[in-house]
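Just so you know, all these numbers are worked out from the coordinates, no wet-lab data involved. All figures in this text were calculated on a predicted structure; none of them were measured in a lab. Cβ coordinates were reconstructed from backbone atoms using ideal geometry, including for glycine residues, and neighbour counts include every protein chain displayed.
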C-alpha cells in the first residue's frame, strides 16, 4: 500500500478475513433505509443500464439493499468469509447481485458503472491504485460515493469506553479519523474531486447489551480468532460493566442515534490532475 497511515496496512485489514469478525458484523448498525433512496437519486440519467460497483462490500450492508433498486450490483471484497456470509444473509441471493472475491485494486469486474460505492471501507484501499481505476471504470458522468454514518456518540462512549477500547485493541497504531479527513487526503493527492454530499434524518436504534459487546469484535482490533480467549473475556466484562451504567429502558438497551451520509464526486486519473 502506497504511503498511507500505518493503521490502514494489510496487517490490520487482513483481520476482516477472520470468520469471527465476519460473524460479528451482523451486530453493527445498518444504514437507514433513506440512504438507498438517496443513492438511487445519484444515478446519472444518461446510463443505459443502472449498474453499481460496491467496493469493499463486506457482508453487503450496501449491496444487498441496493440490488433490488438497480439493474446490477457487483459486490467486491477481498474477504472470502465476508462474501460467503453476505450470500447467506437476506437479499444475498438476489439475481441482480454478483459477488466477487478479490482486492478492489485488481478484482475482475464488468464496467462501465454508473456509481461506485464504498461503505466504511475507503480507508483500506490502496488509494493511488484504486482511484485511477475507479475513474476508468465509471461512465463519463458516473460518481464515486462514500457511504457512511454520522453518529451522535454519548459522552460515556468517548470518555469511559474509549480508553478501555484502546487498552484491549490489537491495533495499537489506531488513531481516530473521519471519512471527511480521508476524502481531504484524496483531494490533496489529486485522486478525487468532491461534488456534493447528502444526509438522511437521524434515526434511533436500540440494541441489547450482549449484541453491542459482540459488535465490538467486528472491529479490526478485536478479532476473537486472534485475541487470547482470557483477554477477550476480560475485555467483554469491562465493556458490559461500562454499558450497565448507561443502558436505557426496562430491557436495558444501548441506544444508538445516527444518520446515513453520502459524500460523492469524481475519482481522478493522473491525466486529470
- Cα shape, the chain, gyration tensor, a/c 1.5 rule: prolate
- For the chain, the longest principal axis of the Cα atoms and the Cα long axis of helix 127-137 enclose an angle in degrees, to the nearest 10, of 40 degrees
- Note on the structure: Among the stretch 141-184, those whose backbone N falls under 18 Å of a label point 7 Å along Cα→Cβ from residue 45 are 141-143
- Query: Taking other Cβ within 10 Å of each residue's Cβ, how do 144, 239, 131 sort, fewest first?
  - Reply: 239, 131, 144
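Let a ≥ b ≥ c be the square roots of the eigenvalues of the Cα gyration tensor of the stretch 110-149; is it rounded (a/c under 1.5), or, if not, prolate (a/b larger than b/c) or oblate?
Here the stretch 110-149 falls in the oblate category.
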- Query: Once the piece of chain linking residue 193 and residue 167 is laid out straight, how much longer is it, given 0.36 nm per residue of separation minus the C-alpha distance between them?
  - Reply: 5.6 nm
- Note on the structure: Gyration tensor on Cα atoms of the stretch 1-131, a ≥ b ≥ c root eigenvalues, a/c under 1.5 rounded, else prolate if a/b beats b/c, else oblate, says oblate
- Item | GNM result for the chain, Cα springs below 10 Å: residue of 94, 155, 18 fluctuating most strongly | 155
- Task: Evaluate the relative contact order of the stretch 75-178 (contact order divided by residue number), counting alpha-carbon pairs under 8 angstrom at least 6 apart; express in whole percent.
- Result: 22 percent
- Query: If you line up the long axis of helix 179-188 against the longest principal axis of the chain, both from Cα atoms, how many degrees apart are they, to the nearest 10?
  - Reply: 40 degrees
- Message: Output the 0 to 90 degree angle, nearest 10, between the alpha-carbon long axis of helix 229-244 and the longest principal axis computed from the alpha carbons of the chain.
- Response: 80 degrees
- Size of the stretch 87-214 along its principal axes in angstrom, Cα-based, largest extent first? 47, 39, 33
- Task: Please give the FRET efficiency for residue 156 paired with residue 110, using the beta carbon to beta carbon distance and R0 = 41 Å, rounded to the nearest 0.05.
- Result: 0.30
- Message: I want to check the label-to-label distance for residue 37 and residue 231. Put each point 7 Å from Cα in the C-beta direction and report it in nm to one decimal.
- Response: 4.6 nm
- Message: Over the chain, what is the relative contact order in percent, taking alpha-carbon pairs closer than 8 angstrom and at least six residues apart?
- Response: 26 percent
- Query: For residue 181 and residue 129, what is the calculated FRET efficiency with R₀ set at 25 Å and r taken between the beta-carbons, to the nearest 0.05?
  - Reply: 0.80
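Given contacts defined as C-alpha pairs under 8 Å and at least six residues apart, what's the relative contact order of the stretch 20-146, whole-number percent?
26 percent
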